[in-house]
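Down below is the structure, laid out as structure tokens.
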Amino acid sequence: MPMVWRTSIGGDYKLPNTPITLTGDFLYTRDINAVFQFGANRASSNTFLDYGRSGEEGDYGDNRTFYPDGVQRFNPAIGANNVTVLTNTNVKGHALSATVGLTVPFHQGFSGGVFYTYSDAREVSANAGSSAASAWGGSPNINGPNDQILHPSNFAIPHRVVANLSYRFEYANALATTVGVVYTGSSQGRFSYTYTTDINRDGINNNLIYLPRDLNALNFADRVNANGDVLFTAEEQVEALRVFIARNGLEKYMGQYLPRNGFLLPWLNRFDVRILQDVYTNIGARKHALQVSLDFINFGNLLSRNAGIRSRLNDAQFLFGNHSVPGVNNQGQSVLNTVPTPANGIPTFNMNLIEGQLPTTPFQNVSTTATTWQMMFGVRYLF
């Protein structure tokens, strides 16, 4: 049974001689019994990958656990990855959330507030699946899904800003107009860089990429199509990887495994605007009002086609993996087959192609109504 320790503290303070209230909230959670999915039929291996060393002292390259003949099993009658046990881990995760803000209640027609939230959370298992097996193997890893290593949580967005401001003015003894603006700003999510293939041959394609200090320590092969025509040479792919690293701020991770959930999608600024028009009068003892509303959702996108655009991953987060060679399927059609990592633990790589090109970014714009401006018109009768 999962168990956590949770501490929270919060308070409000009204600034003297002002209508402004300062608010602060702090929440800290630490695992006592943390949930962990464990593959019980996987035997450990004494074989390791052996590539990516730069020759500098202390640089051992990618030496994660390697299974050249597949994962050894304790019980040979059952698949190595088919026995998932729900248990606990002694590696304690934690989560922190701190919010500060200023609010102004209704004062001379104005009201509003602005809040900033900082979040950080670390976990061993994200339970990223809908069944025991998928929850166990769903999180990117280094040696395999049985790793018990703290990683940033996929759900902890480090910085978030929310603000709102409205102004209401009444006139002509029967009319009132309210204009309100709501702003939200934050990164749009976290992600990991993983190989396109099962680099350590453990039967699960979810291995975090090792980025060498010296890219020349990676063996790249020419990228070909199903007919064997060369699309991009090995040299072009290495240079494309070098450009990708520089453009996406990965230089500081060279000589390391790229961390799980260690990367953020672009920051998104979003503005929504509401205009309310009230027409009111007293009928008997009651106040009656006809209210007409006009809402502009993602108002910035109405002003500029480049504003308020959401981003998503374009599959370039699967940066490179074992190289492919031409082959034939059982219908006699030309296909590409992936070459597994050889027994010496030194793989040969191909860059992942995005729309037939070597990628320069892992992001692309979202082209749905979720990212365009919208307008809604409403009518209400209040009494």
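The values are calculated or read from the model by the stated rules, or taken from the named source; none is laboratory data. All figures in this text were calculated on a predicted structure; none of them were measured in a lab. Quick reminder, even Gly has a Cβ in these numbers, built from the backbone with ideal geometry, and neighbours come from all protein chains shown. Just the protein is used for accessible areas: all its heavy atoms, side chains included, with ligands, DNA and RNA removed. Shrake-Rupley method; radii C 1.70, N 1.55, O 1.52, S 1.80 Å.
Before moving on, here are some points about what is shown:
- What separates the Cα centres of region 23-95 and region 211-241 is a distance of 29 Å.
- Values (1) 32, 24, 22; (2) 52, 27, 20; (3) 36, 25, 18 are given for comparison; semi-axes √(5λ) of the Cα gyration tensor in Å, derived from the coordinates here, is the one labelled (2).
- Local net charge near V71, Cβ-Cβ under 10 Å (Lys/Arg +1, Asp/Glu -1): +1
- Residue-averaged [θ]222 nm for the chain, counting only DSSP H segments that reach four residues, each worth -39500 (n - 2.57): -2000 deg cm²/dmol
- Note on region 132-211: dipole from Cβ charges, positive end direction compared against A172, N205, N143; the farthest Cα belongs to A172.
- Here the translational diffusion coefficient of region 243-383 follows from Stokes-Einstein with Rh set to the Kirkwood radius across Cα pairs; for 37 °C and 0.692 mPa s it amounts to 158 µm²/s.
- The string of couplings for region 282-298 from the Karplus curve (6.51, -1.76, 1.60, θ = phi - 60°) is 9, 10, x, 8, 10, 9, 10, 9, 9, 10, 10, 10, 9, 10, 10, 8, 6 Hz, one whole number per residue in order, with x for Gly and Pro.
- Descending Cα extents along the principal axes, region 73-118, whole Å: 77, 21, 12
- Simple Cβ-charge dipole of region 169-245, Lys/Arg +1 and Asp/Glu -1, about Cα centre, in debye nearest 20: 260 debye
- 3J(HN,Hα) couplings calculated from phi for region 349-363 with the Karplus curve 6.51 cos²θ - 1.76 cosθ + 1.60 (θ = phi - 60°) are, in sequence order, 10, 10, 6, 6, 9, 10, 6, x, 10, 6, x, 10, 8, x, 10 Hz; Gly and Pro show x.
- Candidates per trypsin sites (Lys or Arg not before Pro) in region 298-369, loop by DSSP, up to 13 other Cβ within 10 Å: R305
- Loop-resident chymotrypsin sites (Phe, Trp or Tyr not before Pro) (DSSP state other than H, G, I, E or B) in region 244-296 with no more than 16 further Cβ atoms inside 10 Å of their Cβ are absent.
- Helix 234-247 vs. the chain, principal-axis angle (Cα, 0 to 90°, nearest 10): 30 degrees
- Size of electric dipole in the chain: Cβ of Lys, Arg +1 and of Asp, Glu -1, about Cα centre, debye, nearest 20: 1480 debye
- Here the accessible area is traced with a 1.4 Å probe on the protein chains. For region 186-343, carbon and sulfur cover 50 percent of it.
- Working value for region 42-85: equivalent-ellipsoid semi-axes of 30, 9, 7 Å, each the square root of 5 times a Cα gyration tensor eigenvalue, largest first.
- Residue (of L265, V83, N227) at the positive-pole extreme of the chain, dipole from beta-carbon charges: L265
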